[in-house]
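One structure is given below, encoded as structure tokens.
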Amino acid sequence: MRTKRTPGDVKDLQLADQGVSRIEWAARGMPVLEIIRKRFTKERPLDGLRISACLHVTSETANLALTLRDGGAQVALCASNPLSTQDDVAAALVERYEIPTYSIRGADNETYYKHIHSALEHSPHITLDDGADLVAIVHTERQDLLNNIKGGTEETTTGVTRLRALARDSKLLYPIIVVNDADTKHLFDNRYGTGQSTLDGITRATNLLWAGSKVVIAGYGWCGRGVANRARGLGSHVIVTEIDPIRALEAVMDGFQVMPMLEAAKTGDVFITVTGGLNAIDKAHLEIMKDGAILANSGHFNVEINIPALIKMSKTQRTVRGSVEEFSLKDGRRLFLLGEGRLINLAAAEGHPSAVMDMSFANQALAVEFLNQQSEGLTPNVHQVPQEIDREVGRLKLASLSIGIDTLTIEQEKYISSWDIGT
Ligand code: ADE
């Protein structure tokens, strides 16, 4: 029997039972995290550690929070995007698992930031970010917390970009492990996770037939590669736009059509931004799109489509189905914006499947353990996930799939590490 209510701000605690079912279902797809959780439960490597986490509040994130809790940490959680919270999961975290959670799907800007501040009231030793919002607030408004903070982690490309900018200006004040950059994170989560969940979100929102559609993908990083390949797999005619010549060439040699957005804008049926940048779809592009074009973003922030320009160009705006907003333009065309331009895979679907978040969050859990043990030796800079952790996650994932691989013989080891054996 609980004597004290767990603090939190969630939509409806009555959703807790449904949240528990979904969290348990997700756990079935996260065997690597489960192995770590079992070890953490036995060894308690995080005893006494306070963690504030600003992540998408999903059933997968709940399993990460439970892993950290079972390792001995006290975890407080808030959302890293106003539209990504699964309200039943948030309810379960507060009501059944006693993890303070501040997160409501559809929160306005003020509530979103209030929740970040609430998670920071926990006075963390370690911050976990997906997009660097906690780091940003600590560095601007809550420098008083710095005394306690040992380090942090960052989950996503956009967050890493922000942190690198902070470090470049010599303003980053504590060490951050960039989980995003681990091979077992971005090669799988960004590529296969974003690839699948982005198409899932757009499909759920629109019921679109991908086969035969002209799909324009802005950005050919790991996320763009994933989305492009999955769209092609469903029979779409895929056009890629890029600003980086090497990536553009890669897209060409992967068999995609590459052109500037000003050209692509005229022919696309569906536009998907995954650049991590600003206004990849700008006013000039919106002005020449076909009537009925669909616009979706799967990058971290809702700035990749110039929505203020879209609003200005419009006569009227109405919701035509969940996650689909119709903009009727003054020239008579209609454009459809999905999920308010927020990351469509979480706004209109459930985010990446558990099986891929398994690796991302295994890296997170092990990075937290590493930070707890080693933070004193780390400078206030951006640090890679140690290679041993990255490879261990890969090994465990393969083992969970019952897939064996070869090992080098002594003779092969010698060959590969020598310089003097030639023809
Ligand atoms: N980012 C993308 N998909 C996610 C998920 N399912 N859980 C947490 N963060 C995510």
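Side notes on the structure shown:
- Output for segment 267-319, where each listed residue is on the phi > 0 side of the Ramachandran plot and touching a Gly at 6+ places or on another chain (Cβ under 6 Å): G276
- Flag for L329 being under 22 Å from C223 (Cβ atoms) and not small (G, A, S): no
- Matching entry among I294, I288, I307, I311 (being closer than 30 Å to E154 by Cα, modelled with pLDDT of 95 or more and of a type in the set (V, I, T)): I307
- Hits in segment 223-239 (condition: within 16 Å of the ligand (Cβ to nearest atom), hydrophobic (A, V, I, L, M, F, W, C) and in contact with a strand residue (DSSP E or B) (Cβ under 6 Å, 6 or more places away or on another chain)): V227
- Selection from segment 147-166 of residues that are of a type in the set (S, T, N, Q) and under 19 Å from the mean Cα position of the chain (by Cα): T153, T156, T157, T158, T161
- Criterion applied to E98, E24 was being more than 13 Å from the ligand (Cβ to nearest atom), among the charged types (D, E, K, R), assigned to a helix (DSSP H, G or I) and at pLDDT 95 or above, and the one residue passing it is E24.
- Output for segment 102-131, where each listed residue is in contact with a Pro (Cβ under 9 Å, 6 or more places away or on another chain) and of a type outside the set (D, E): Y102, I104, R105, G106, A107, N109, T111, Y112, S118, A119, H122
- Strands (runs of 3 or more DSSP E) fully within segment 288-369 counting 1 or more residues that are surrounded by fewer than 19 Cβ atoms within 10 Å (Cβ to Cβ), among the polar types (S, T, N, Q) and more than 13 Å from the chain's Cα centre (by Cα): 314-321, 324-329
- Identity of the residue in segment 320-374, among the aromatic types (F, W, Y) and away from the ligand (no atom under 13 Å from the Cβ), that ends up nearest to K266 (Cα to Cα): F336
- When residues of segment 174-222 are limited to those that are of a type in the set (A, V, I, L, M) and within 15 Å of T275 (Cα to Cα), the one farthest from the ligand (Cβ to nearest atom): V216
- When each of D144, D189, D169 is tested for being under 19 Å from the mean Cα position of the chain (by Cα) and within 24 Å of H383 (Cα to Cα), the lone residue that passes is D189.
The values are calculated or read from the model by the stated rules, or taken from the named source; none is laboratory data. Values in this document were obtained by computation on a predicted structure and should not be read as measured data. Positions of Cβ are generated from backbone atoms using ideal geometry, with glycine treated the same way; all protein chains shown enter the neighbour counts.
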